[in-house]
């Protein structure tokens, strides 16, 4: 079943692809890992407004994402958000409506993009991930594959744009993983550990200078992630 605004999304997708190719010197790696159908979650670092646009356009399939509710009040950005049916979220709150919409997107077999940092870094270094992301993914089910995505070089976007230069940008999609929570009620401490382990998967795809608060943790072994589908391993 096609999303309600499928055709507006297709138009926005095509236009933004052209714009991104004009503004950026793109190098894509691992994008073909993302399956063409079925529910998947994409989690990536968030430097500025460009990386979520790239998340929508690097693949041909429909991607659902979230955006700060104020995006719908900004000219031009509000049109793009409307066209792709971006889920408005009230930042800094447990926005139940946004959580429900994300879970419904995955239940409908769509691809969902999430920036776990919740806000732009501007400097390109990873910030701490928000544990609320795990609430969405746990509610959707541990059978959902999660793909880490690294957007590299976008901290130079604004300085380059002022000089009318294209920004060399690398997008890397890593191997998928699945959540493996403890049995029973998942406490806050476990959710915090899960989001850190997810962020470490993103950090491993980034250059050392962009790993931010996770720079010294890329060699940590995960406790709550598995790297084979639940039916194939533990």
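The values are calculated or read from the model by the stated rules, or taken from the named source; none is laboratory data. Not measured: the values here are computed from a predicted model. All Cβ positions, glycine included, derive from the backbone under ideal geometry; neighbour counts span all protein chains shown.
A few points about this structure:
- Some residue of region 191-207 being surrounded by fewer than 18 Cβ atoms within 10 Å (Cβ to Cβ), free of Cβ contacts under 8 Å to residues at least 24 places away in the same chain and over 17 Å from residue 48 (Cβ atoms): no
- Any chance residue 127 is within 27 Å of residue 217 (Cα to Cα) and within 15 Å of the chain's Cα centre (by Cα): yes
- Subset of region 1-31 (residues that are surrounded by fewer than 15 Cβ atoms within 10 Å (Cβ to Cβ) and closer than 22 Å to residue 198 by Cβ): 28, 29, 31
- Of residues in region 208-219 being out of contact with any helix residue (DSSP H, G or I) (no Cβ under 6 Å at 6 or more places or on another chain) and in a loop (DSSP other than H, G, I, E, B), the one surrounded by the most Cβ atoms within 10 Å (Cβ to Cβ): 215
- Whichever residue in region 151-184 is over 23 Å from the mean Cα position of the chain (by Cα) and at pLDDT below 95 and, among such residues, is surrounded by the most Cβ atoms within 10 Å (Cβ to Cβ): 182
For every residue, the table says whether it meets (1) in contact with a strand residue (DSSP E or B) (Cβ under 6 Å, 6 or more places away or on another chain); (2) not in a loop (DSSP other than H, G, I, E, B).
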{"position": "165", "(1), (2)": "no, no"}
{"position": "169", "(1), (2)": "yes, yes"}
{"position": "175", "(1), (2)": "no, no"}
{"position": "178", "(1), (2)": "yes, yes"}
{"position": "182", "(1), (2)": "no, no"}
{"position": "185", "(1), (2)": "no, no"}
{"position": "189", "(1), (2)": "no, yes"}
{"position": "194", "(1), (2)": "no, yes"}
{"position": "199", "(1), (2)": "no, yes"}
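- Pairs where the first residue, in region 162-187, is over 24 Å from residue 40 (Cα atoms) and the second is assigned to a strand (DSSP E or B) and modelled with pLDDT of 95 or more, C-beta under 7 Å, 6+ apart: 166/24; 166/25; 167/24; 167/25; 168/25
- Single condition residue 102 does not satisfy, out of (1) touching a helix residue (DSSP H, G or I) at 6+ places or on another chain (Cβ under 6 Å); (2) surrounded by fewer than 21 Cβ atoms within 10 Å (Cβ to Cβ); (3) under 21 Å from residue 202 (Cβ atoms); (4) free of Cβ contacts under 8 Å to residues at least 60 places away in the same chain: (2)
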